[in-house]
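The values are calculated or read from the model by the stated rules, or taken from the named source; none is laboratory data. Predicted model, so just to flag it, every value in this text is computed and none were measured. No Cβ is skipped: glycine too gets one built from the backbone with ideal geometry, and neighbour counts run over all protein chains shown. To get the accessible areas, we keep the full protein, side chains included, count just its heavy atoms, and leave off ligands, DNA and RNA. Shrake-Rupley method; radii C 1.70, N 1.55, O 1.52, S 1.80 Å.
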Amino acid sequence: MKATLRPGLSPILRTSLALLTGLFLAGASPAQEAPLLAKGQTLYLPVYSHFWHGNLDKAGNPEKSYLSALISLRNTDPKSAIRILSARYYDTGGKLLKEFVPTAKVVPPLATLELFIERKESEGGSGANFIVRWQADGAAPVNTPQVEALHVDMYATRAVSFITTARPIVERD
């Protein structure tokens, strides 16, 4: 894709636009990482039941918008099942609010386990999170799952949505 610059622009603006266009095009295809294999992991997933924005009111508080969250636990292995051992939901202060998977659930190859947090749930806060534990259903290592949260707020003519992605952590005794 070739960028065309208008001749009436200043040289500094033309250079800035050319650099920005180059950076945008260079980032258009993300780098491919080698797939990771594992027998199990503990994952940390940030989740927002609300977010702060706008201006401060007279009491010094910003505006707050509430979000629903769809937690998606995707088995990316085409041949092997995985087992979700637990999915614990914690609030901003680190208090356990709910265990979403009280007994282990098998997720077949290329299948997805979905968990949902309603928009009206405000207990989690802006620093809520999930700790998800999973293991391979067999003895061999498998492709690691893709674990994400899709956050959404749709109201009248406005819509906000974004995704957070889990990352592996080490559990300590």
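When you scan region 19-33, do you find a residue that is touching a Lys or Arg at 6+ places or on another chain (Cβ under 8 Å) and either in a strand (DSSP E or B) or modelled with pLDDT under 80 (or both), even just one? Let's see the steps before the verdict.
Here is the first cut: in region 19-33, the residues touching a Lys or Arg at 6+ places or on another chain (Cβ under 8 Å) are none.
No, every residue in region 19-33 fails to be touching a Lys or Arg at 6+ places or on another chain (Cβ under 8 Å) and either in a strand (DSSP E or B) or modelled with pLDDT under 80 (or both).
Quick check on my filter: what residues within region 34-66 are out of contact with any Phe, Trp or Tyr (no Cβ under 7 Å at 6 or more places or on another chain), over 25 Å from Glu121 (Cβ atoms) and outside any loop (DSSP other than H, G, I, E, B)?
Hits for region 34-66 are Leu37, Ala38.
Every residue in region 114-156 that is on the phi > 0 side of the Ramachandran plot and either modelled with pLDDT of 95 or more or not hydrophobic (A, V, I, L, M, F, W, C) (or both), please.
Of all residues in region 114-156, those on the phi > 0 side of the Ramachandran plot come to 125, 156.
Correct list: Gly125 only.
Suppose we filter Ala69, Ala159, Ala87 for residues that are in contact with a Phe, Trp or Tyr (Cβ under 8 Å, 6 or more places away or on another chain) and closer than 19 Å to Phe51 by Cβ; which single one remains?
Values: Ala159 fails: in contact with a Phe, Trp or Tyr (Cβ under 8 Å, 6 or more places away or on another chain); Ala87 fails: closer than 19 Å to Phe51 by Cβ.
Checking each option against the conditions leaves just Ala69.
Just one of the numbered conditions (1) assigned to a loop (DSSP other than H, G, I, E, B); (2) farther than 26 Å from Asn61 by Cα is not true of Lys98; which one?
(1)
Could you tell me whether region 131-148 includes any residue that is of a type in the set (D, E, K, R), in contact (Cβ under 8 Å) with a residue 12 or more places away in the chain and open to solvent by less than 20 Å² (accessible area, probe 1.4 Å)?
no
Taking into account only those residues within region 73-121 that are touching a residue at least 24 places away in the same chain (Cβ under 8 Å) and open to solvent by 90 Å² or more (accessible area, probe 1.4 Å), which is farthest from Thr164 (Cα to Cα)?
Taking the candidates together, the pick is Lys79.
Count, please, the residues in region 85-142 that happen to be under 20 Å from the mean Cα position of the chain (by Cα), small (Gly, Ala, Ser) and farther than 18 Å from Thr42 by Cβ.
Going through region 85-142 one residue at a time, the tally reaches 7.
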